[in-house]
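Chemist: Have a look at this one before I ask anything.
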Amino acid sequence: MKTTHNDRGEEVELFVHQTSFTREPLERLASSARLPDDLERVYRSAVNVHNMKDWTATAVMANRVLESITGSFLSDNELGQPLSKQLETLAKQIDLEEPIVKLGQLLGKGSNLNNLLCLEKATSEETANLIIDLLDSLIEYLYILPQRIVHLQKQIEG
(Lines give C-alpha, C1' and ligand atoms only; values in the text may rest on other atoms or scores of the structure.)
Protein backbone atom coordinates (compact mmCIF):
# COMPACT_ATOMS: atom_id res chain seq x y z
CA MET A 1 0.00 0.00 0.00
CA LYS A 2 1.37 3.39 -0.98
CA THR A 3 0.04 6.73 0.20
CA THR A 4 0.93 9.97 -1.56
CA HIS A 5 -0.17 13.54 -0.96
CA ASN A 6 -0.85 16.00 -3.73
CA ASP A 7 -2.82 19.22 -4.18
CA ARG A 8 -6.07 17.21 -4.56
CA GLY A 9 -5.58 15.43 -1.26
CA GLU A 10 -4.36 12.04 -0.20
CA GLU A 11 -4.07 9.30 -2.82
CA VAL A 12 -3.81 5.66 -1.79
CA GLU A 13 -2.57 2.95 -4.14
CA LEU A 14 -3.03 -0.70 -3.32
CA PHE A 15 -0.73 -3.26 -4.88
CA VAL A 16 -1.64 -6.93 -4.74
CA HIS A 17 1.01 -9.55 -5.31
CA GLN A 18 -0.07 -13.14 -5.70
CA THR A 19 2.69 -15.20 -4.13
CA SER A 20 1.61 -18.58 -5.40
CA PHE A 21 0.00 -20.21 -8.37
CA THR A 22 -3.59 -21.31 -7.83
CA ARG A 23 -4.99 -24.06 -10.00
CA GLU A 24 -8.54 -24.03 -11.25
CA PRO A 25 -10.10 -27.50 -11.50
CA LEU A 26 -11.31 -28.52 -14.93
CA GLU A 27 -11.19 -24.97 -16.26
CA ARG A 28 -10.65 -26.00 -19.88
CA LEU A 29 -12.46 -29.31 -19.66
CA ALA A 30 -15.66 -28.14 -18.02
CA SER A 31 -17.44 -27.24 -21.23
CA SER A 32 -16.57 -30.33 -23.25
CA ALA A 33 -15.79 -33.20 -20.88
CA ARG A 34 -18.41 -35.63 -19.71
CA LEU A 35 -16.80 -36.88 -16.53
CA PRO A 36 -18.45 -39.27 -14.11
CA ASP A 37 -19.60 -37.43 -10.99
CA ASP A 38 -17.22 -39.28 -8.67
CA LEU A 39 -14.24 -38.51 -10.93
CA GLU A 40 -15.07 -34.82 -11.09
CA ARG A 41 -15.56 -34.73 -7.31
CA VAL A 42 -12.23 -36.39 -6.44
CA TYR A 43 -10.40 -34.35 -9.07
CA ARG A 44 -11.78 -31.10 -7.63
CA SER A 45 -10.78 -32.28 -4.16
CA ALA A 46 -7.25 -33.04 -5.38
CA VAL A 47 -6.93 -29.56 -6.85
CA ASN A 48 -8.40 -27.97 -3.72
CA VAL A 49 -5.96 -29.67 -1.34
CA HIS A 50 -3.14 -28.77 -3.72
CA ASN A 51 -4.18 -25.11 -3.53
CA MET A 52 -4.13 -25.40 0.28
CA LYS A 53 -0.52 -26.59 -0.05
CA ASP A 54 -1.27 -29.95 1.58
CA TRP A 55 1.16 -31.97 -0.50
CA THR A 56 0.48 -35.32 1.18
CA ALA A 57 -3.27 -34.97 0.73
CA THR A 58 -2.63 -33.99 -2.90
CA ALA A 59 -0.77 -37.25 -3.49
CA VAL A 60 -3.50 -39.28 -1.77
CA MET A 61 -6.21 -37.58 -3.81
CA ALA A 62 -4.22 -38.12 -7.02
CA ASN A 63 -4.30 -41.84 -6.23
CA ARG A 64 -8.08 -41.58 -5.80
CA VAL A 65 -8.38 -39.77 -9.14
CA LEU A 66 -6.45 -42.54 -10.90
CA GLU A 67 -8.65 -45.15 -9.20
CA SER A 68 -11.77 -43.29 -10.30
CA ILE A 69 -10.50 -43.12 -13.88
CA THR A 70 -9.84 -46.87 -14.02
CA GLY A 71 -13.15 -47.49 -12.24
CA SER A 72 -14.96 -45.76 -15.09
CA PHE A 73 -13.70 -48.29 -17.63
CA LEU A 74 -12.76 -51.56 -15.95
CA SER A 75 -14.91 -54.42 -14.68
CA ASP A 76 -15.21 -55.17 -10.96
CA ASN A 77 -12.81 -58.13 -11.07
CA GLU A 78 -10.17 -55.97 -12.83
CA LEU A 79 -10.58 -53.27 -10.19
CA GLY A 80 -9.35 -55.72 -7.55
CA GLN A 81 -5.86 -55.56 -9.06
CA PRO A 82 -3.18 -53.08 -7.94
CA LEU A 83 -3.53 -49.66 -9.55
CA SER A 84 -0.46 -50.22 -11.74
CA LYS A 85 -2.09 -53.34 -13.24
CA GLN A 86 -5.40 -51.51 -13.61
CA LEU A 87 -3.69 -48.85 -15.73
CA GLU A 88 -2.00 -51.51 -17.88
CA THR A 89 -5.38 -53.20 -18.38
CA LEU A 90 -6.98 -49.85 -19.19
CA ALA A 91 -4.41 -49.23 -21.94
CA LYS A 92 -5.36 -52.56 -23.51
CA GLN A 93 -9.10 -51.87 -23.33
CA ILE A 94 -9.14 -48.35 -24.67
CA ASP A 95 -8.00 -47.85 -28.22
CA LEU A 96 -5.73 -44.84 -27.82
CA GLU A 97 -5.12 -44.71 -31.58
CA GLU A 98 -8.81 -44.42 -32.43
CA PRO A 99 -9.16 -40.63 -31.89
CA ILE A 100 -6.21 -39.90 -34.19
CA VAL A 101 -7.50 -42.35 -36.82
CA LYS A 102 -10.96 -40.71 -36.64
CA LEU A 103 -9.36 -37.28 -37.01
CA GLY A 104 -7.58 -38.52 -40.13
CA GLN A 105 -10.86 -39.80 -41.53
CA LEU A 106 -12.57 -36.52 -40.61
CA LEU A 107 -9.89 -34.67 -42.59
CA GLY A 108 -10.45 -36.73 -45.74
CA LYS A 109 -10.48 -34.91 -49.06
CA GLY A 110 -13.77 -33.12 -49.61
CA SER A 111 -14.81 -33.40 -45.95
CA ASN A 112 -16.33 -30.42 -44.17
CA LEU A 113 -13.36 -30.16 -41.80
CA ASN A 114 -10.92 -30.32 -44.68
CA ASN A 115 -12.86 -27.57 -46.45
CA LEU A 116 -12.74 -25.41 -43.30
CA LEU A 117 -9.01 -25.90 -42.80
CA CYS A 118 -8.26 -25.22 -46.49
CA LEU A 119 -10.28 -21.99 -46.45
CA GLU A 120 -12.87 -23.34 -48.87
CA LYS A 121 -15.64 -22.85 -46.34
CA ALA A 122 -16.30 -20.11 -43.75
CA THR A 123 -15.73 -20.98 -40.09
CA SER A 124 -17.95 -19.90 -37.21
CA GLU A 125 -16.60 -18.77 -33.85
CA GLU A 126 -17.92 -21.92 -32.19
CA THR A 127 -16.23 -24.17 -34.76
CA ALA A 128 -12.97 -22.20 -34.50
CA ASN A 129 -13.05 -22.63 -30.70
CA LEU A 130 -13.59 -26.37 -31.09
CA ILE A 131 -10.69 -26.60 -33.54
CA ILE A 132 -8.36 -24.82 -31.09
CA ASP A 133 -9.57 -27.11 -28.28
CA LEU A 134 -8.78 -30.08 -30.51
CA LEU A 135 -5.29 -28.74 -31.25
CA ASP A 136 -4.67 -28.11 -27.53
CA SER A 137 -5.72 -31.66 -26.68
CA LEU A 138 -3.66 -33.22 -29.45
CA ILE A 139 -0.52 -31.26 -28.51
CA GLU A 140 -1.02 -32.06 -24.83
CA TYR A 141 -1.46 -35.78 -25.50
CA LEU A 142 1.35 -36.19 -28.02
CA TYR A 143 3.98 -33.81 -26.63
CA ILE A 144 3.25 -32.57 -23.14
CA LEU A 145 1.96 -35.73 -21.43
CA PRO A 146 4.98 -37.90 -22.36
CA GLN A 147 7.35 -35.15 -21.14
CA ARG A 148 5.43 -34.79 -17.87
CA ILE A 149 5.64 -38.53 -17.24
CA VAL A 150 9.41 -38.53 -17.84
CA HIS A 151 9.86 -35.44 -15.64
CA LEU A 152 7.79 -37.01 -12.85
CA GLN A 153 9.81 -40.21 -13.07
CA LYS A 154 13.10 -38.26 -12.83
CA GLN A 155 11.78 -36.19 -9.92
CA ILE A 156 10.69 -39.27 -7.97
CA GLU A 157 13.87 -41.22 -8.69
CA GLY A 158 16.17 -38.22 -8.31
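The values are calculated or read from the model by the stated rules, or taken from the named source; none is laboratory data. Being a predicted model, the structure only gives us computed values, none of them experimental. Every residue, glycine as well, gets a Cβ built from its backbone with ideal geometry; the counts of neighbours run over all protein chains shown. Accessible surface is based on the protein model in full, side chains and every heavy atom, while ligands, DNA and RNA are left aside. Shrake-Rupley method; radii C 1.70, N 1.55, O 1.52, S 1.80 Å.
Chemist: Among the residues of segment 82-91, is there at least one that is without any contact (Cβ under 8 Å) to a residue 40 or more places away in the chain, open to solvent by less than 50 Å² (accessible area, probe 1.4 Å) and closer than 22 Å to residue 134 by Cβ?
Modeler: From segment 82-91, those without any contact (Cβ under 8 Å) to a residue 40 or more places away in the chain are 82-91; that's our starting set.
Then keep just the ones that are open to solvent by less than 50 Å² (accessible area, probe 1.4 Å); that gives 83, 86, 89-90.
Retained after the next criterion (residues that are closer than 22 Å to residue 134 by Cβ): none.
No: zero hits.
Chemist: Quick one: which residue in 65, 101, 42 is in a helix (DSSP H, G or I), at pLDDT 90 or above and under 18 Å from residue 137 (Cα atoms)?
Modeler: Being in a helix (DSSP H, G or I), at pLDDT 90 or above and under 18 Å from residue 137 (Cα atoms) holds for just one of 65, 101, 42, which is 101.
Chemist: If a residue must be among the charged types (D, E, K, R), assigned by the TED database to the domain that holds residue 55 and modelled with pLDDT of 75 or more, how many such residues does segment 1-33 contain? Steps first, answer last, please.
Modeler: First, pick out the residues of segment 1-33 that are among the charged types (D, E, K, R): 2, 7-8, 10-11, 13, 23-24, 27-28.
Restricting the remaining residues to those that are assigned by the TED database to the domain that holds residue 55 gives 23-24, 27-28.
Keeping just the survivors that are modelled with pLDDT of 75 or more gives 23-24.
Of the residues in segment 1-33, 2 are among the charged types (D, E, K, R), assigned by the TED database to the domain that holds residue 55 and modelled with pLDDT of 75 or more.
Chemist: Is it the case that segment 53-62 has a residue that's open to solvent by 40 Å² or more (accessible area, probe 1.4 Å), part of a helix (DSSP H, G or I) and farther than 19 Å from residue 86 by Cβ?
Modeler: Yes, that holds for at least one residue.
Chemist: Something else now. Could you say which residue among 149, 144 is open to solvent by 80 Å² or more (accessible area, probe 1.4 Å), under 22 Å from the mean Cα position of the chain (by Cα) and among the β-branched types (Val, Ile, Thr)?
Modeler: Details: 144 fails: open to solvent by 80 Å² or more (accessible area, probe 1.4 Å).
Step by step, each of 149, 144 is checked, and only 149 is open to solvent by 80 Å² or more (accessible area, probe 1.4 Å), under 22 Å from the mean Cα position of the chain (by Cα) and among the β-branched types (Val, Ile, Thr).
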